[in-house]
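Engineer: My questions all concern the structure below.
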Amino acid sequence: MTLQPDDLAAHYERLADDFEESWAHSPAFVSWMNRCIGTRLALQPQDRAADIGCGSGLYARSMAEDALTVVCVDPSTKMLAKLPTTPSFVPVRASIEDLATGAVQLPHAGRLDGVLAKDVIHHARDVPMALRTLASLLAPGGRLVIVTWPLRIDYPLFDKAVKQHEQAYIDPEDMARVLTGCGLRVEVTCERYHLSIAKEQWLAWVANRFMSLLSTFDDDELAEGLREIDTRHPGPVIEFEGRFVFTHARG
């Protein structure tokens with residue numbers, strides 16, 4: 001289920017203050033993810049880049065260490081307000097839907113050397129159109145990195161949430177076909193990272209609906225889901241393998 005644009009913006013406005021606490025997991029995880037992204041984007045000091053769905057800039061900051069400019073795109077004004085106020089960052093309030101429909105035009109569109117779209121493509125109503133829009137942002141030789149979850153996830157969620165993820169799943173091979181049709185060379189790879197999180201903390205994040213898919217469940221459904229997670233993980237620590245799919249396209 002895709003949230004409506006206004007609901008999506010409201011979801012991230014509500015989460016802005018705690019976003020990095022729930023999504024960063026640990027400094028080691030952030031460093032690992034930055035390396036996964038950085039090796040694929042391969043940004044250079046004079047490059048222009050964009051982070052679509054940047055949130056608070058968790059990964060845009062690392063991109064800015066390598067590039068001249070990073071256009072940071074997010075529908076939440078509170079998220080964008082957390083970006084460093086330096087010339088390296090160009091904040092743009094927009095959703096991926098705004099870009100796909102042409103409601104918002106990005107600076108340097110068609111001339112970007114690197115574009116990151118992490119955990120955002122599933123918010124588009126028309127995924128092929130959104131993919132073609134992302135491809136159109138690239139300069140010749142530009143790199144696009146789309147980060148998604150696999151169909152089968154190991155995240156400790158309740159059954160209804162897992163089923164909803166599977167129903168909304170976007171096949172990277174389908175994305176690859178669209179991007180190949182845009183004239184890009186595409187490679188799909190999967191990376192794994194072992195996560196260990198205190199159960200009390202994990203349950204608090206789920207209760208706060210830190211994932212957008214959790215926003216579609218009412219309070220009673222969420223309470224039932226929390227009990228399900230608690231029963232399945234009796235110890236004080238929840239350990240699981242985070243798996244991430246990287247769809248890497250090059251012009």
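The values are calculated or read from the model by the stated rules, or taken from the named source; none is laboratory data. From a predicted model like this one, the values you see are computed outputs, not experimental measurements. Using ideal geometry, Cβ is built from the backbone for each residue, glycine included, and neighbour counts are taken over all protein chains shown. Just the protein is used for accessible areas: all its heavy atoms, side chains included, with ligands, DNA and RNA removed. Shrake-Rupley method; radii C 1.70, N 1.55, O 1.52, S 1.80 Å.
Engineer: Full extension from residue 39 to residue 159: what is 0.36 nm times the residue separation minus their Cα-Cα distance, to one decimal in nm?
Structural biologist: So the extension gain works out to 39.7 nm.
Engineer: Next up: Roll a 1.4 Å probe over the protein chains and send me the accessible area per residue for the stretch 51-209 in Å².
Structural biologist: That works out to 43 Å² for each residue.
Engineer: Right, here's the next one. If you stretched the chain out fully between residue 29 and residue 226, how much longer would it get, using 0.36 nm times the residue separation minus the C-alpha to C-alpha distance?
Structural biologist: 68.5 nm
Engineer: Computing the accessible area with a 1.4 Å probe over protein heavy atoms, can you report the carbon and sulfur percentage for the chain?
Structural biologist: Summing carbon and sulfur atoms, their accessible area is 50 percent of the total for the chain.
Engineer: Which cysteines does the chain leave without a neighbouring Cys Cβ under 4.7 Å?
Structural biologist: 36, 182, 190
Engineer: Now a separate question. Positive end of the dipole of the chain, charges at C-beta (+1 Lys, Arg; -1 Asp, Glu), about the Cα centre: which of 10, 210, 77 has its Cα farthest in that direction?
Structural biologist: 77
Engineer: Helix 219-232 versus the longest principal axis of the chain: what angle, 0 to 90°, nearest 10, using Cα atoms?
Structural biologist: 80
Engineer: What's the angle, to the nearest 10 degrees (0 to 90), between helix 27-41's Cα axis and the longest principal axis of the chain?
Structural biologist: Helix 27-41 sits roughly 30 degrees off the main axis of the chain.
Engineer: Right, next: Sort the following peptides by mean Cβ neighbour count (other Cβ atoms within 10 Å, averaged over residues), highest first: 180-190, 138-148.
Structural biologist: Per-residue Cβ counts within 10 Å, averaged per peptide and sorted highest first, yield 138-148, 180-190.
Engineer: To continue, here is another question. Using only Cα atoms and rounding to the nearest 10 degrees, what angle (0 to 90) does helix 5-15 make with the longest principal axis of the chain?
Structural biologist: Tilt relative to the chain: about 70 degrees.
Engineer: Which three lengths, in whole Å and largest first, does the chain cover when its Cα atoms are put on their principal axes?
Structural biologist: Cα extents, longest axis first: 52, 38, 33 Å.
Engineer: Relative contact order of the stretch 101-236, please, whole-number percent, based on alpha carbon pairs below 8 angstrom and at least 6 residues apart.
Structural biologist: With pairs under 8 Å counted, the relative contact order is 22 percent.
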